[in-house]
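Remarks on the structure that follows.
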Amino acid sequence: MRKPARERLAKLLADFEPARPFSAQLRAPAHVLELEVSGVGPVVLPVRAPLAKKLIAVARPAMFGQGEETLTDTAVRDTWELTPAQITLGGPDWMEVFNRVLDSLRDELGLPRTSRLRAEPHSMLVYGMGQFFLSHQDSEKDDAMVGTLVLSLPSAHTGGELVIEHAGERVAYRGSKKELTFVAFYADCRHEVTPVRSGYRATLTFNLSTDTVTPAPSAGPATELAQCLTEHFTTPATPRYGSRDLGPPNRLVFLLDHEYTQRGLDWRRLKGADAQRAALLHGAAEQTGCETMLALADVKETWDALRSDDRWDDNYYEDEDEDADDGAPSDDPDDLELTELIDDEITLSWWTDPDGTGGEPISLYVPDYEACTSTPSERLTPYQSEYEGYMGNYGNTLDRWYRRAAIVMWPQDRAFTARAEAGSQWALCELRSRIDAGDLEGARGAAESLAPFWKSADAQPGLLVSGLDVAAGLGVAGTAAMLLEPFRVETLTQEHASGLAAAAARYGEDWTASVIDGWFGPADPYRTDLSDWIDNRLPALCEAVHATGRPEVARLLAARAWRWLGDQLRLWTTTPRSNIRRPRLERLSPPLARLLEVADDNLSGEITTALQECGDTVLECLMPALRLADARRVDGLNAVARDCVERLGTTLARPPRDQGDWSIAWTGCGCEICGTLRTFLGSSSQQTFAWPLAKDGRRHVHSQIDSAELPVRHETRRQGRPYTLVLTKTDALFTRATQARHRAVTDLAWLTSTWGDASTRT
């Protein structure tokens, strides 16, 4: 079976360009450098012990960066540091030699010959016996910074090797006893200084950056790459897991080898093989009419892994020697052998503009059929690893995260769709620009191309103003509704009133009702809580919509808000447990009061009728709502007050519970066990019940009593078979009745005094 075009393209790039080094070393005569240090004077080379001790006397313990912090920890970095202000470099031939060294290092590292390396002094370091620096990665301190230069001064010492690692390769560099030793490496390379075993190691370090010189066009072969690009963008894609072909992909994402920061991501600052491959791809993209962008990618890989102390033998898997180590086996990610890639995931987090003049944050998932690379991530150093040991049916797994740069390409005729999938704001701005320019057909076609993925777009609240504006401008109802589909009603505020009114005026009430229904989502009482939105935003929104002359839009919003609120009331008024029910109903009281204030007569009547059909537990919502509304004379609230008066009056008209009446009204689930329990509870005289009952039956009774918060103590007497469940009605039955009656008296008195005639009219 022929390999996909993207894989052949990655192979071609690997073959076209020989591997470029990630580090390089040069040496120069020591006499060309004249070095002075404040407080010490001239530094005579080679550096000997007496001079090294003088340098240490004017130095400070070296620090290192960890995240946003700068720390001093000799367990990580143990060396002495002098600042650039303490150092003076010179000599008659120094700058000429130094510039030649920089040009040679540029060529060795594979940077474009049209660029020029610059070196900025960073520090002077002195390592004594036993001192070291653990493996680390330098931060890029400037937009143009590409790497680090270490100049080792001649000295007699052992140990102190500079070890540099990249893409699974390690190179160790040692200083010279007589010459200057220059070692340059890219900033994303991990490196360390091994412990000095004898003598002193003295170095000067520099930040390496490049001038922004446009590289010369590549003369390398691009025809085969262009053929691969054409095939990639015209052949239906097949996912790694699945046999169903998709449409031709919109993008090709080629992962580069090196890391870059947002500031340093620039075509003119690509490193080593990245620069050569980028030039080849750029040439192929021009031949095939594709646009190219640079991007930053976050890569996660999940591997099946073996610990180094595990092994297979002929018949079974076993630990090599369980008794060889008193502790648990090592879970150090560096001590694991990768065996099989289980899954990988690539997400683009930033990309430049096609012309390279700017960039923007994005979040774009890259499917496997759109990605390729010449250097697998496993050969690079992850910035984070997490090991999950053997669990149940799962083997040992290792998650590894990488940061890589990428070249993103797409055909120019699909540029809008390919870019819009990563940037909702950009897409809406582009559509608005086309509408304003009079290209209405172009705007409509571009908008329709978003349909396959727009529903899952990142609909940030700030985009709704633009979304409504573009939707109204398109003039196509279905496409306009599609553009607004990702948003949710919680996003709506009064600032959206004019845009919503304009769209409603263009497409009609049925269209508006459908869009608003979509914003509210499915009728699920457990979905996002809309209480705060109804309480704090809906009134101002409805008022603003009325001001635009579109009262039907306000009516649709209020009606849909009531549908959500009504579902909530039906759910929580029928919840038996008061400790769950009461706070939920109290939370619904502010939005209920607000909704009745904005509802028209028809909706207000619908709401009050529905409230009257609820059980008396609805008082736990209605009374707080009335107290919140205070003396506002909204018709809907007046009707609520009258309903509460009627309910409370009915409650108080019942005679108080007799002290000898132990009956409890309860229905249960209708099963035989609940029938027996109901008979006991309904008895006015029986206070206890000893009930031989099997385990499942006892568990069911426990559950029913607890869920309904019945004033019944239930204990199991563990004698005989089956055990006996002993039920005892408690005095809480009378305490609750007394408290409920007192609460009804208090609430009725408040209603009468606060709402007056409104609460008593019929």
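Overview of results
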item	result
Filtered residues of the stretch 528-549 (kept if open to solvent by 70 Å² or more (accessible area, probe 1.4 Å) and not aliphatic (A, V, I, L, M))	T528, D532, N536, R537, E543, H546
So T752, is it closer than 24 Å to R654 by Cβ, among the polar types (S, T, N, Q) and free of Cβ contacts under 8 Å to residues at least 24 places away in the same chain	no
Selection count where residues are touching a Gly at 6+ places or on another chain (Cβ under 6 Å) and at pLDDT 90 or above, scope the stretch 292-306	0
Residues of the stretch 435-482 that turn out to be closer than 25 Å to Q494 by Cβ, of a type in the set (D, E, K, R) and within 25 Å of the chain's Cα centre (by Cα), as a count	1
Neighbours by Cβ (under 8 Å, 6+ apart or cross-chain): first from the stretch 536-550, without any contact (Cβ under 8 Å) to a residue 12 or more places away in the chain and on the phi < 0 side of the Ramachandran plot; second open to solvent by less than 50 Å² (accessible area, probe 1.4 Å) and of a type outside the set (S, T, N, Q)	H546/A554
The stretch 71-85: number of residues that are in contact with a strand residue (DSSP E or B) (Cβ under 7 Å, 6 or more places away or on another chain), loosely packed, with under 15 Cβ neighbours inside 10 Å and outside any loop (DSSP other than H, G, I, E, B)	1
Top-ranked residue of the stretch 74-91 - restricted to ones that are of a type in the set (V, I, T) and modelled with pLDDT under 90, ranked as farthest from the chain's Cα centre (by Cα)	T74
Condition met for L35 (open to solvent by less than 60 Å² (accessible area, probe 1.4 Å) and either closer than 21 Å to S123 by Cα or at pLDDT 95 or above (or both))	yes
All helices (runs of 4 or more DSSP H) inside the stretch 449-522 with 3 or more residues being more than 30 Å from L246 (Cβ to Cβ), among the aliphatic types (A, V, I, L, M) and free of Cβ contacts under 8 Å to residues at least 40 places away in the same chain	464-474
Scan of the stretch 664-695 for residues that are open to solvent by 50 Å² or more (accessible area, probe 1.4 Å), in a helix (DSSP H, G or I) and farther than 15 Å from T724 by Cβ, ordered by number	E672, R678, T679
Hits in the stretch 165-182 (condition: open to solvent by less than 70 Å² (accessible area, probe 1.4 Å) and more than 43 Å from the chain's Cα centre (by Cα))	G175, S176, L180, T181
Residue in the stretch 450-471 that is under 30 Å from G272 (Cα atoms), of a type outside the set (K, R) and open to solvent by less than 20 Å² (accessible area, probe 1.4 Å) present	no
Whichever residue in the stretch 573-618 is of a type in the set (A, V, I, L, M, F, W, C) and open to solvent by 30 Å² or more (accessible area, probe 1.4 Å) and, among such residues, is nearest to the chain's Cα centre (by Cα)	I580
Hits in the stretch 402-432 (condition: open to solvent by 50 Å² or more (accessible area, probe 1.4 Å) and in a strand (DSSP E or B))	R403
Where W426 falls short, out of the listed (1) in contact with a Lys or Arg (Cβ under 7 Å, 6 or more places away or on another chain); (2) more than 25 Å from G359 (Cβ to Cβ)	(2)
Of the criteria (1) over 26 Å from T417 (Cβ atoms); (2) modelled with pLDDT of 75 or more; (3) surrounded by fewer than 15 Cβ atoms within 10 Å (Cβ to Cβ); (4) charged (D, E, K, R), which one E378 fails	(3)
Given (1) without any contact (Cβ under 8 Å) to a residue 60 or more places away in the chain; (2) buried (at least 20 other Cβ atoms within 10 Å of the Cβ), index of the condition L109 fails	(1)
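Each row is one residue, and each column tells you yes or no for (1) closer than 15 Å to V76 by Cα; (2) in contact with a helix residue (DSSP H, G or I) (Cβ under 8 Å, 6 or more places away or on another chain); (3) open to solvent by 10 Å² or more (accessible area, probe 1.4 Å); (4) modelled with pLDDT of 90 or more.
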position	(1), (2), (3), (4)
S123	no, yes, no, yes
D138	yes, no, yes, no
K141	no, no, yes, no
V163	no, no, yes, yes
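The values are calculated or read from the model by the stated rules, or taken from the named source; none is laboratory data. Bear in mind that the values here come from a model prediction, so they are computed numbers and not experimental data. In this analysis, Cβ positions are derived from the backbone assuming ideal geometry, glycine residues included, and neighbour counts consider all displayed protein chains. Calculation scope for accessible area: heavy atoms of the full protein, side chains included, ligands and nucleic acids excluded. Shrake-Rupley method; radii C 1.70, N 1.55, O 1.52, S 1.80 Å.
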